[in-house]
Structures are given as structure tokens and as C-alpha cells.
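The values are calculated or read from the model by the stated rules, or taken from the named source; none is laboratory data. In this text, all values refer to a predicted model and were calculated from it rather than measured experimentally. No Cβ is skipped: glycine too gets one built from the backbone with ideal geometry, and neighbour counts run over all protein chains shown.
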Amino acid sequence: MKVIQIPLLRDNYGYLLVCERSGEAAVVDPSEGEPVLRQAEKEKVKLKAILNTHHHRDHTGGNAFLLERLSLKVYGHSIDKDRIPGLTHPLEDGDEVEVGELKGRVLFIPGHTRGHVAYLFENKLFCGDTLFVAGCGRLFEGTAGQMLDSLSRLKALPGDTLVYCGHEYTEKNLQFALTVEPTNKKVVEKLTKVRALRANGTSTVPSTMAEEWETNPFLRWDSRDVRDNLTKNYPGISLEPVSIFAHVRKLKDQF
């Protein structure tokens with residue numbers, strides 16, 4: 001399996017997933033169609049499918065362009081059957097997606113939107129806007145409880161799981177993480193590395209789930225340091241996981 005990251009729009013990432021045995025490929029979240037088509041032609045692969053994680057236009061904006069030029073299967077959650085352009089294969093949690101000889105599992109992870117899904121191929125997680133490197137998506141259509149459940153599900157994946165998210169938000173996310181957990185040395189170390197990468201115009205994606213356990217404030221609701229810091233600054237806050245998550249998400253919205 002080969003993964004090719006495609007920078008799109010201002011800070012989006014799409015991903016070309018290539019089955020190297022068959023030469024067939026799928027694209028995850030084509031914000032724009034032309035760069036995806038160019039990349040597929042450059043790689044000399046047969047683009048067969050679009051894998052949409054959710055309906056937002058910055059993840060589906062290229063669907064129409066690609067469908068005008070190619071006959072493609074379009075995957076997305078069944079909730080979004082009227083919101084994802086060209087959807088042909090509505091999905092449910094646990095369904096399987098095939099790209100050539102590659103097999104991926106669908107994870108239903110609502111919170112950012114009602115119909116958000118992730119695609120897990122081997123140890124590679126394509127999680128759209130639910131989980132970012134050192135961050136998570138805003139709660140546009142879901143509740144804090146839904147997002148916590150979705151993140152808990154992703155958090156339970158093995159530490160070597162590669163996290164391919166939908167945006168280049170890492171530097172700002174780590175800056176925010178330090179306001180929640182200022183003594184976290186892993187965050188400081190990662191921020192130094194990320195600043196060097198961004199200074200060279202290099203992507204910070206993918207991360208690993210193990211790194212996210214250590215540095216992502218939205219996965220650290222059970223961290224004593226996070227709890228102590230929140231209690232100190234916001235006396236009386238409930239220490240239930242959903243309360244901690246909701247409070248950290250609110251702080252990030254204001255950051």
C-alpha cells in the first residue's frame with residue numbers, strides 16, 4: 001500500500017491510496033479535483049473511488065470535477081446520502097471498503113458532523129476532521145459526548161497507527177496544548193520539531209497514535225496534569241471525562 005499526500009486549498013490534505021499490486025487507487029477527501037487527477041496521472045494509477053470522511057465542501061468539493069471525467073465509486077456514511085456529491089456507496093460502521101486488493105474498515109465517528117467516518121487500512125487511519133495532530137474538530141453537528149466516544153474509539157487503536165488527518169493545524173494545536181498542560185515536555189519537544197518542519201514547508205502529517213496519547217489535549221482527559229491545571233484555573237469544574245473534554249474544546253474555540 002502506498003499513500004500519497006496531496007496538499008489542497010489553503011491547508012487541507014487529500015490522500016491517494018494506491019494498491020501497488022493492482023495499480024488501482026482511491027482518493028480520500030478531494031477538496032479539489034484537478035490536483036487529484038494530476039497526481040493520479042503522475043503515479044500512473046487507475047483512480048477507482050472517492051472515500052469521503054464527511055460532507056463538508058472542503059472535503060467533497062472535488063467530487064463533481066472527478067465524476068465528470070471518470071467513473072468512480074463514491075463512499076460516505078449513509079446519513080450523508082443527500083449531502084455528499086455523487087454518493088454511490090452509503091456506509092455503516094464496520095463496513096469494508098476495497099481498493100484493488102487493499103481492504104479498509106469503516107469507523108463511524110460522529111461529533112464534528114453527524115455522518116463522519118474514518119477509514120482504517122492496515123495501520124493507517126484516515127480520520128478527516130475528527131482527530132487532528134494534537135487536536136480535534138469543532139462540534140458543528142454533534143455533542144461533546146458523541147465526540148468523546150468517537151475519540152475514545154480512535155484512542156484505543158494501537159500506538160503504531162498512523163494518523164492521516166484532513167488539515168495542517170499542528171503548530172497552532174500544539175501551542176494551544178501548552179495552555180492546557182504547560183509542563184508537558186513531550187508537547188514542547190514536538191512543537192520544536194513541528195516549527196522546524198513548517199519553516200521548511202514540510203507537512204507534519206502523519207502522526208502516530210502513540211504521539212497523540214502523549215501530546216493531544218483532547219485525548220488526555222485522564223491526565224492528572226490536565227485535571228490539576230483546569231481545576232486551578234476553573235474551580236468547581238467537574239472532573240468527569242465528558243466535562244473535561246467539553247471544557248478543553250470550549251477553550252480551543254476561543255484560542
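Across the stretch 115-125, what is the number of residues that are under 15 Å from HIS56 (Cβ atoms) and not in a loop (DSSP other than H, G, I, E, B)?
Restricting attention to the stretch 115-125, the residues satisfying the condition of being under 15 Å from HIS56 (Cβ atoms) are 115-118.
So of that shortlist, the ones also not in a loop (DSSP other than H, G, I, E, B) come out as 117-118.
Result for the stretch 115-125: 2.
Going by what's in this entry, would ALA196 be described as outside the structural domain of ILE6 (by TED's automatic domain parsing), in contact with a Pro (Cβ under 9 Å, 6 or more places away or on another chain), among the small types (Gly, Ala, Ser) and part of a helix (DSSP H, G or I)?
Values: outside the structural domain of ILE6 (by TED's automatic domain parsing): yes; in contact with a Pro (Cβ under 9 Å, 6 or more places away or on another chain): no; among the small types (Gly, Ala, Ser): yes; part of a helix (DSSP H, G or I): yes.
It is false that ALA196 is outside the structural domain of ILE6 (by TED's automatic domain parsing), in contact with a Pro (Cβ under 9 Å, 6 or more places away or on another chain), among the small types (Gly, Ala, Ser) and part of a helix (DSSP H, G or I).
Scan the stretch 161-171 and give yes if some residue there is in a helix (DSSP H, G or I) and aliphatic (A, V, I, L, M), otherwise no.
no
Check every one of the helices (runs of 4 or more DSSP H) wholly within the stretch 4-114 and list those with 1 or more residues that are within 19 Å of TYR164 (Cα to Cα) and not acidic (Asp, Glu).
On the way: elements: 34-43, 57-60, 63-69.
Fully inside the stretch 4-114 and qualifying: 34-43, 57-60.
Which residue, of PHE140, PHE126, PHE132, is buried (at least 24 other Cβ atoms within 10 Å of the Cβ) and out of contact with any helix residue (DSSP H, G or I) (no Cβ under 9 Å at 6 or more places or on another chain)? Before the answer, list the steps.
Working: PHE140 fails: buried (at least 24 other Cβ atoms within 10 Å of the Cβ); PHE132 fails: out of contact with any helix residue (DSSP H, G or I) (no Cβ under 9 Å at 6 or more places or on another chain).
Result of the check over PHE140, PHE126, PHE132: PHE126.
Going through the stretch 179-209 one residue at a time, which ones are over 21 Å from the mean Cα position of the chain (by Cα) and of a type outside the set (D, E, K, R)?
The answer is THR179, VAL180, PRO182, THR183, ASN184, VAL188, THR192, ALA196, ALA199, ASN200.
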